[in-house]
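Enquirer: Input: one structure, supplied below.
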Amino acid sequence: MKINSKRSTVEALVFLTLLIGGFCLLAWKMGAGNLLNTMMNTAHGLILNVVLYLMGITVLTGALSKLLAEFGVVTLLEKVLRPLMRPLFNLPGVAALGAVMTFLSDNPAIIALSKDKTFASYFKKYQLVSLTNFGTAFGMGFVVLITMIGFGQAVPALIGLLGAFCGSIISTRLMQRSVLKTYPEMDSPVIEESEEELEKEVEEEHKKSTFMRFLDAMLDGGKNGVELGLQIIPGVVIITTMVILVTFGLKDGAVYDGSANQGVPILPWLADKIDFVFKGLFGFTAMELIAFPMTALGAVGAALGLLPEFNSAGILDGNAIAVCTAIGMCWSGYLSTHTAMLDSLGYRHLISKAILSHTIAGLCAGVIAHFAYLGFSLL
């Protein structure tokens, strides 16, 4: 008991030191009142502009996923895509549906799928948790791709898409390997029911009329989406607020006044100290570009908002488009969504493994895109 008491005391002192030190560092630059107001306004803005948007996505994708499972599309995808998904991702072919849905919407769409019993029945436990990494690597991909092409850089954007695809393989495989190494018991089916029991449930559902099956699947899936939307609120609001506070600075002529999305650009400042790494790995010609991957850690949508400034400054070249597309798609705000996604699956203890795997994969995606662009430039 003495050892535990001593350890608890040390932990409490260390925690308070870090908490007070971090608050004082930000308050010294922003002002204590402004810092508190910024935190509240940022959290409020995230709930209104991000969480409710994501909840809309989860409701729609939840309904769609339930319909796809109810009418056999999930089973068909499993059969058709199994030869591709197994060797690349070590996932059932049906997982490709998750990539499509996250590409067209956002990261949480993959969790709406995994909540479906028919979909989850194809997976083992370690594979199911790796869907967090797999789906995130395609999150908001369509928006990122279209935005990049809008700057007149279609080929570099497609090269970036290739880099993100490679990053998704790396992230998914690393996550699976890490989980199995620590928890070998997770090499077991997610659904313990026998195939006969699952088939019996499907037969009972099929006794209903087609219209009732459609209606029930759509409403049940939407209901699951609402529940998921509520579950992701803590992770999105807390983590994203923290990332914004240490990533965003002030715009020209602005002052700290407690507005949302203000902060002290500590992460970009640290990255600038090792700019040679970013030049060598990503080929960045201007260190201002580092702000894109730093911001994409918390929200790729916010990172895309930096592009017009980069373009007007003349630093948004083909290589920057390729690298930013790859990193933006692969990371797509994983620091703010991984926590909520794994928490909703009931595997909160695996968050650190998922984040580490995805951090490595995002960097690899950027490097692959950079050298692929260099190869293309030589043609």
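Enquirer: Does the range 68-80 include one or more residues that are free of Cβ contacts under 8 Å to residues at least 12 places away in the same chain and over 30 Å from I20 (Cα atoms)? Walk me through it before giving the result.
Expert: Narrowing the range 68-80 to residues free of Cβ contacts under 8 Å to residues at least 12 places away in the same chain: 72, 76.
Keeping just the survivors that are over 30 Å from I20 (Cα atoms) gives 72, 76.
Yes, the range 68-80 has at least one match.
Enquirer: Here is a follow-up. Test of understanding: among G98, G62, G135, G141, which residue is in contact with a Lys or Arg (Cβ under 9 Å, 6 or more places away or on another chain) and either closer than 25 Å to I355 by Cα or among the aliphatic types (A, V, I, L, M) (or both)?
Expert: On the way: G98 fails: in contact with a Lys or Arg (Cβ under 9 Å, 6 or more places away or on another chain); G135 fails: in contact with a Lys or Arg (Cβ under 9 Å, 6 or more places away or on another chain); G141 fails: in contact with a Lys or Arg (Cβ under 9 Å, 6 or more places away or on another chain).
Answer to the selection: G62.
Enquirer: Just wondering, is there one or more residues in the range 146-166 that are surrounded by 24 or more Cβ atoms within 10 Å (Cβ to Cβ) and within 13 Å of the chain's Cα centre (by Cα)?
Expert: Among the residues of the range 146-166, at least one is surrounded by 24 or more Cβ atoms within 10 Å (Cβ to Cβ) and within 13 Å of the chain's Cα centre (by Cα), which makes the answer yes.
Enquirer: Further, regarding this structure: How many residues does the range 30-46 hold that are surrounded by 14 or more Cβ atoms within 10 Å (Cβ to Cβ) and either in contact with a strand residue (DSSP E or B) (Cβ under 8 Å, 6 or more places away or on another chain) or not hydrophobic (A, V, I, L, M, F, W, C) (or both)? Outline the logic, then answer.
Expert: Within the range 30-46, the subset surrounded by 14 or more Cβ atoms within 10 Å (Cβ to Cβ) is 30-31, 34-39, 41-43, 45-46.
Among the residues that remain, those that are also either in contact with a strand residue (DSSP E or B) (Cβ under 8 Å, 6 or more places away or on another chain) or not hydrophobic (A, V, I, L, M, F, W, C) (or both) are: 31, 34, 37-38, 41-42, 45.
Total meeting the criteria: 7.
Enquirer: Cβ-Cβ under 9 Å, sequence separation 6+ or interchain: first residue in the range 21-33 and closer than 13 Å to D257 by Cβ, partner modelled with pLDDT under 90 and of a type in the set (S, T, N, Q). Which pairs?
Expert: As it stands, the answer is M30/Q262, since those pairs meet every condition given.
Enquirer: Assigned to a loop (DSSP other than H, G, I, E, B), without any contact (Cβ under 8 Å) to a residue 60 or more places away in the chain and under 19 Å from L19 (Cα atoms), is that true of T285? Quick ask: steps written out before the conclusion?
Expert: On the way: assigned to a loop (DSSP other than H, G, I, E, B): yes; without any contact (Cβ under 8 Å) to a residue 60 or more places away in the chain: yes; under 19 Å from L19 (Cα atoms): no.
No, not satisfied.
Enquirer: Criterion first (assigned to a helix (DSSP H, G or I) and under 21 Å from the mean Cα position of the chain (by Cα)) does V236 satisfy it? Walk me through it before giving the result.
Expert: On the way: assigned to a helix (DSSP H, G or I): yes; under 21 Å from the mean Cα position of the chain (by Cα): yes.
The answer is yes for V236.
For every residue, the table says whether it meets (1) closer than 19 Å to G160 by Cα; (2) β-branched (V, I, T).
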| residue | (1), (2) |
| --- | --- |
| L215 | no, no |
| T240 | no, yes |
| V246 | no, yes |
| A254 | no, no |
| N261 | no, no |
| K273 | no, no |
| P293 | yes, no |
| G298 | no, no |
| L304 | yes, no |
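Enquirer: Counting only residues that are of a type in the set (S, T, Y), give me the helices (runs of 4 or more DSSP H) lying completely in the range 300-379 with at least 1 of them.
Expert: Numbers: elements: 300-304, 307-312, 318-331, 334-345, 351-377.
So the answer is 307-312, 318-331, 334-345, 351-377.
Enquirer: Give the residues of the range 167-176 that are over 20 Å from S114 (Cα atoms) and either surrounded by fewer than 16 Cβ atoms within 10 Å (Cβ to Cβ) or touching a Phe, Trp or Tyr at 6+ places or on another chain (Cβ under 9 Å) (or both), sorted by residue number. Spell out the reasoning first.
Expert: Residues of the range 167-176 over 20 Å from S114 (Cα atoms): 167, 170.
Correct list: G167 only.
Enquirer: Quick test of your reading of the structure: T337 fulfils all but one of (1) surrounded by fewer than 24 Cβ atoms within 10 Å (Cβ to Cβ); (2) modelled with pLDDT under 80; (3) among the β-branched types (V, I, T). Name the failing condition by number.
Expert: So the condition that T337 fails would be (1).
Enquirer: Do we find a residue being basic (K, R), surrounded by fewer than 20 Cβ atoms within 10 Å (Cβ to Cβ) and not in a loop (DSSP other than H, G, I, E, B) anywhere in the range 250-270? Quick ask: steps written out before the conclusion?
Expert: Residues of the range 250-270 basic (K, R): 251.
Imposing the further condition that a residue be surrounded by fewer than 20 Cβ atoms within 10 Å (Cβ to Cβ) reduces the set to 251.
Then drop every residue that is not not in a loop (DSSP other than H, G, I, E, B), which leaves none.
No, the range 250-270 contains no residue that is basic (K, R), surrounded by fewer than 20 Cβ atoms within 10 Å (Cβ to Cβ) and not in a loop (DSSP other than H, G, I, E, B).
Enquirer: For the subset of the range 294-321 comprising residues that are polar (S, T, N, Q) and surrounded by fewer than 19 Cβ atoms within 10 Å (Cβ to Cβ), which member is modelled with the highest pLDDT?
Expert: Once the filter is applied, the top-ranked residue is N311.
Enquirer: Then there is this: Conditions first: (1) under 18 Å from L363 (Cα atoms); (2) touching a residue at least 40 places away in the same chain (Cβ under 8 Å). F165 passes all but one, so which condition is the exception?
Expert: (2)
The values are calculated or read from the model by the stated rules, or taken from the named source; none is laboratory data. Just so it is clear, the model here is predicted, and its values are computed rather than measured. A quick note on method: Cβ atoms are made from the backbone with ideal geometry, for glycine too, and the neighbour counts reach across all protein chains shown.
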